[in-house]
1. Just checking, which of 83, 91, 95 is modelled with pLDDT of 95 or more, assigned by the TED database to the domain that holds residue 122, of a type in the set (S, T, N, Q) and within 16 Å of ligand 1 (Cβ to nearest atom)?
2. Identify, by number, the condition in (1) within 12 Å of ligand 1 (Cβ to nearest atom); (2) in contact (Cβ under 8 Å) with a residue 60 or more places away in the chain that residue 219 doesn't meet.
3. So which residues in the range 57-94 are under 25 Å from residue 235 (Cα atoms) and assigned to a loop (DSSP other than H, G, I, E, B), if there are any at all?
4. Show the residue pairs meeting these rules: Cβ distance below 8 Å; 6+ apart or different chains; first residue within the range 6-30 and within 14 Å of ligand 1 (Cβ to nearest atom); second residue of a type in the set (D, E, K, R) and open to solvent by less than 10 Å² (accessible area, probe 1.4 Å).
5. Specify the residue that is surrounded by the most Cβ atoms within 10 Å (Cβ to Cβ); the eligible residues are those in the range 41-71 that are within 16 Å of ligand 2 (Cβ to nearest atom) and in contact (Cβ under 8 Å) with a residue 12 or more places away in the chain.
6. Of all the residues that make up the range 178-200, how many are of a type in the set (Val, Ile, Thr) and closer than 11 Å to residue 240 by Cα?
7. Starting from the range 150-171, keep only residues that are under 14 Å from residue 2 (Cα atoms), then list their pairs with residues that are open to solvent by 50 Å² or more (accessible area, probe 1.4 Å) whose Cβ atoms are within a distance under 7 Å, requiring at least 6 positions of separation or different chains.
8. Please tell me if residue 114 is free of Cβ contacts under 8 Å to residues at least 40 places away in the same chain, farther than 23 Å from residue 192 by Cβ and crowded, with 23+ Cβ neighbours inside 10 Å.
Amino acid sequence: MDIQSVGVIGAGQMGNGIAHVMALSGYDVVLNDVNQQALDAAVSQIHKNMSRQVSRDKITQAEMDAASKRIRASLALADVGTTDLVIEAATERETVKQAIFEDLQPHLKPNTILTSNTSSISITRLASRTDRPERFMGFHFMNPVPVMQLVELIRGIATDEETFAACKTVVERLGKTAASAEDFPAFIVNRILMPMINEAVYTLYEGVGNVESIDQSMKLGANHPMGPLELADFIGLDTCLAIMNVLHDGLADTKYRPCPLLTKYVEAGWLGRKTQRGFYDYRGETPVPTR
Ligand SMILES: CC(=O)CC(=O)SCCNC(=O)CCNC(=O)[C@H](O)C(C)(C)COP(=O)(O)OP(=O)(O)OC[C@H]1O[C@@H](n2cnc3c(N)ncnc32)[C@H](O)[C@@H]1OP(=O)(O)O
Ligand SMILES: NC(=O)C1=CN([C@@H]2O[C@H](COP(=O)(O)OP(=O)(O)OC[C@H]3O[C@@H](n4cnc5c(N)ncnc54)[C@H](OP(=O)(O)O)[C@@H]3O)[C@@H](O)[C@H]2O)C=CC1
């Protein structure tokens, strides 16, 4: 199946990045959210990120202008139904995702491929609630989308080969690399990365180190580009906690129990960069550790 247009549902940090790279690769994009403010912020973030790429000679002004014209922001889910490939990138909560696919169903073309950018939730379970489990799969980008090379492709139990091949072709056209992962909680990247982040929060909780020493240790001692707490803030602490809960529930092993301190930050609404406060406070000129 030849994909020409892509619908992106959820205009947060992942949704805006996905719309950005799709439009630059020539796809027509419908970007949807329940919230007009989120749509406006996403369009302005895409503009800012593309402008930076122009200023660094990564893309030309003409490519940016053409890509910007390919993105249509819409509050109406019906507009997403006209596209060839849907990528759901809304909040990491199963009930939210299920409701989106349910509401979308009456507006869909028969051949449209449905995918989710979920970090952890069962693709098979999400697919089973739709009218097309064979045309449903996981399409998992990494953050920040315009920079990161990998896309995890996850087949549900019923996903057919044509659907997998069509999604793989899209990844190749984006100039990214696909890694195939089986449908088990959190797939590959987050199965490995998130317990490390959770362990960093335990290291903080138990007083083995403070925010600064933990991040510095992993940056300078293990050559990670970001410390684990800085990375957690970048991903979003609500998303990190949601992924740990999926691992804990889905694999029924106490080694995945979320750190109570991570839960406390989320309960405070300190979700990281997106709310300006998490393990660091971003409200001033430079980030200040909160512990
Ligand atoms: C949770 C999940 O489900 C899965 C996940 O995504 S897990 C998270 C995976 N991501 C990571 O682990 C990211 C780890 N961090 C990094 O790799 C790096 O810190 C980083 C690439 C984000 C930034 O790199 P850096 O060298 O510190 O900063 P900087 O030089 O400013 O940026 C490097 C490039 O990225 C671009 N960039 C940085 N942040 C960006 C963003 N949010 N959006 C778009 N572009 C961005 C910069 O413009 C720059 O581009 P050029 O090379 O063209 O100049
Ligand atoms: N953050 C990361 O590093 C990564 C995240 N992911 C996954 O991508 C998805 C999105 O994450 P991220 O972008 O970080 O999250 P954000 O919180 O930045 O964005 C989520 C967006 O979805 C919107 N939304 C909520 N409900 C609906 C709905 N019913 N219809 C349309 N939009 C809705 C939210 O609106 P509102 O704010 O009004 O609720 C918000 O604008 C999650 O599944 C996450 O696990 C995957 C890879 C990396």
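1. After applying the criteria, what remains is 91.
2. All conditions pass for residue 219, except number (2).
3. 58, 75, 89, 90, 91, 92, 93
4. Partner pairs satisfying both residue conditions: 10/88.
5. So the residue we want is 46.
6. Adding up the residues that qualify gives 1.
7. 162/1; 163/134; 164/155; 166/1
8. Answer is yes for this residue.
The values are calculated or read from the model by the stated rules, or taken from the named source; none is laboratory data. The model shown is predicted, which means the values in this text are computed figures rather than measured ones. In this analysis, Cβ positions are derived from the backbone assuming ideal geometry, glycine residues included, and neighbour counts consider all displayed protein chains. Heads up: the accessible areas ignore ligands, DNA and RNA and are worked out on the full protein's heavy atoms, side chains in. Shrake-Rupley method; radii C 1.70, N 1.55, O 1.52, S 1.80 Å.
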